[in-house]
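Engineer: Below is the structure I would like to discuss, written out as structure tokens.
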Amino acid sequence: MADKVAPRWEEVARFAGTGDRRTDGFDIAAAALQWRVTLACTDGTVRVGLDGDPSADALAELAACPDDTFGFSIRTGPAALDVDATGAWEIVVDQQLDTPAAEPALAGMTDATRRAAGEFYGIDQKGSGTATLYRMPGGDAVVRLDPFVVTKNSDLFVWVSEDDAPRTSAEVLHSVHVQVDRLTATAGAQNYVLPDTVDIDRVRSVVVWCEPVQTAYAAAALAAVG
């Protein structure tokens, strides 16, 4: 498994309020490259500082609302935000990581709920690992990638396709397919819940698709199990 992957943003915390407030605490991973606050407000003015840190006194600041802005920090570990506001506000905290994803298997992912699985192979880029399709006890269809590695890049997406073993980007593009979600990370364990509209009995492959250049990086042909 690769030690470093394409940098990605991962949500850490979300806060909302009106007026002055110190937020609840949150933790920034020691491995984080940086982290950011996304600040939005509807009225008045808002200023965000980092729990008494003078160097981050204006981590994010708005002269007047409605507006939105970003603030950044590289300090890791425990943190909280000091909000100085005259109106309502919302804040999202994200951290940037370049380590493999480590999402645990979901409760209900068992041999009994496993419907299909397959190994990744490269198409226009390199890819390896395993894709497994589950029908969860509650009815959701979920694809789990574990283990998984694909060529580093941003703007990659997970698709499911009715093509049983696509070998070119054109084959993928012209197949019946559904975009599931943005790829969480270019390496590591991760889960994807399929839209309710997908008939999993018709899903034959999982594809990693690069949207900007319209190319298939890798795919896994799924075979029924059980």
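The values are calculated or read from the model by the stated rules, or taken from the named source; none is laboratory data. On a predicted model such as this, the values are computed, not experimentally measured, just so you know. Cβ sites come from the backbone with ideal geometry, for glycine too, and all protein chains shown count toward neighbours. All accessible areas refer to the heavy atoms of the entire protein, side chains included, with ligands and DNA or RNA removed. Shrake-Rupley method; radii C 1.70, N 1.55, O 1.52, S 1.80 Å.
Engineer: Being touching a residue at least 12 places away in the same chain (Cβ under 8 Å) and open to solvent by less than 10 Å² (accessible area, probe 1.4 Å) narrows it down to one residue among 178, 193, 206; which is it?
Structural biologist: On the way: 178 fails: open to solvent by less than 10 Å² (accessible area, probe 1.4 Å); 193 fails: open to solvent by less than 10 Å² (accessible area, probe 1.4 Å).
Only one candidate qualifies: 206.
Engineer: Still on this structure, I have one more. If the Cβ limit is 8 Å and pairs must be 6+ apart or interchain, which residue in region 68-83 that is over 24 Å from residue 41 (Cα atoms) pairs with which residue that is open to solvent by 80 Å² or more (accessible area, probe 1.4 Å) and part of a strand (DSSP E or B)?
Structural biologist: From region 68-83, the pairs are 77/27; 78/27.
Engineer: Right, something else. What number of residues in region 125-174 are part of a helix (DSSP H, G or I) and surrounded by fewer than 21 Cβ atoms within 10 Å (Cβ to Cβ)? Before the answer, list the steps.
Structural biologist: Start the filter on region 125-174 by keeping residues that are part of a helix (DSSP H, G or I), which leaves 169-174.
Cutting the leftovers down to surrounded by fewer than 21 Cβ atoms within 10 Å (Cβ to Cβ) gives us 169-171, 173-174.
Within region 125-174, residues that are part of a helix (DSSP H, G or I) and surrounded by fewer than 21 Cβ atoms within 10 Å (Cβ to Cβ) number 5.
Engineer: Can you find, within region 96-116, the residue that is surrounded by the fewest Cβ atoms within 10 Å (Cβ to Cβ) among those that are of a type in the set (Gly, Ala, Ser) and assigned to a strand (DSSP E or B)?
Structural biologist: So in region 96-116, the residues of a type in the set (Gly, Ala, Ser) come out as 101-102, 105, 107-108, 112, 116.
Remaining after also requiring assigned to a strand (DSSP E or B): 101-102, 116.
Details: 101: 20, 102: 10, 116: 23.
Here the residue is 102.
Engineer: Within region 55-95, work out how many residues are part of a strand (DSSP E or B), open to solvent by 30 Å² or more (accessible area, probe 1.4 Å) and not β-branched (Val, Ile, Thr).
Structural biologist: As a first pass, look at region 55-95 and keep what is part of a strand (DSSP E or B): 60-62, 67-73, 77-79, 81-85, 88-95.
Now restrict to residues that are open to solvent by 30 Å² or more (accessible area, probe 1.4 Å): 61, 67-70, 72, 78, 82, 84, 88, 90.
The next check asks that each one be not β-branched (Val, Ile, Thr); those that pass are 61, 67-68, 70, 72, 78, 82, 84, 88, 90.
Of the residues in region 55-95, 10 are part of a strand (DSSP E or B), open to solvent by 30 Å² or more (accessible area, probe 1.4 Å) and not β-branched (Val, Ile, Thr).
Engineer: For region 18-43, enumerate the residues that are open to solvent by less than 50 Å² (accessible area, probe 1.4 Å) and part of a loop (DSSP other than H, G, I, E, B).
Structural biologist: Listed by number, the residues that qualify are 19, 23, 29, 32.
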